[in-house]
Amino acid sequence: MTLRLGTRGSPLALCQSRMIAAALAAHGTEVVLEIIKTTGDAWTGSLASVGGKGLFVKEIEEALFAARIDFAVHSLKDMPAELPAGLALVATPRREDTRDVLITHDGATLDALPPATRVGTSSLRRRAQILTQRPDLRTVPLRGNVDTRLGKLQAGAVDAIVLASAGLRRLGLTPPGACPLPAEEFLPAVGQGALALEARAGDDAVRAALASLHDPASAACVAAERAFLSAVGGDCHTPLAAHTTIESDALTLRALVADADGRESLLEEDVGPVAHAAALGARVAERLLARGAGAIIARAHGRTS
């Protein structure tokens, strides 16, 4: 059996897709990569101004609908909370490290950065948590692939950057001056570290071929986080974060809603059974909304609550 895999053309996207292709080949399924340029790849400005991270999947999903590809590999944190009707996440491989990593010239921790340090990030989530913990720091918009952002740090355009550990690990990069940020203190993006294998909902042959790569524990964790994302009603304009851990048959979910400047930040934590991951995410969202998360989200959109 040969499957056509749709992927972005960035070094990290290709690395992830080749990793999936190799794993499938080991189970007797050959894969042909189809590189698809997305709107998010072409846009160099703020993602929030043109629709957010969903722009990294739009053209790939169109290729799925048109049957030009059989399945797609995405970074799960790039996926909107709701998928188009007719498409499904059919497998979640084993999740990588969920943490963010602070990278500086000298390996300083976030607490040890000098006042007014320029931290490069275009993530509202990262900006909010940096300023919550260190309001004396400066955040500087910074987009581009991993190599581009590392290059801007080396060139002195910024004094520090924050990247996802999973991307660095998959690319085999161990930059000097890297300091992991504990996930329980600096919450990652919903789905961070996980890959999403997306296909047409009724394509049972593709679903069966990808089943060997599915990791139920990782899938349960991201299901809780995505249920939170859907229920809280936030989007690319709102700093949101969530992190789920699993122990035996129990999930622990911590989730955050904040304003972009870190002046107001709401955190909730709850525990629930693996079998009810989505209910856990919805429950945490309800508690945050009851505490005023809706007003924070409304302000992010320029509305009054």
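Readers should treat all values here as calculations from the given coordinates under stated rules, not as data from a laboratory. Everything quoted here is computed from the prediction, not taken from an experiment. All Cβ positions, glycine included, derive from the backbone under ideal geometry; neighbour counts span all protein chains shown.
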Over the alpha-carbon set of the stretch 108-259, work out the extent along each principal axis and list the three values in angstrom, largest first. 53, 31, 30
Three-way shape label, the stretch 169-244, alpha-carbon gyration tensor, a/c 1.5: oblate
Å³ per residue of the Cα convex hull, for the chain? 128 Å³
Convex hull projection area averaged over all views, the stretch 16-174, Cα basis, nm²: 10.8 nm²
By the scheme Lys and Arg +1, Asp and Glu -1, what is the net charge of all other residues having a beta-carbon under 14 Å from that of Gln129? 0
Using the Cα atoms of the stretch 226-300 to build a convex hull, what is its mean projected area in square nanometres? 4.4 nm²
Please compute the Kirkwood hydrodynamic radius over the stretch 100-181, one decimal place, Å, based on all pairs of different Cα atoms. 12.5 Å
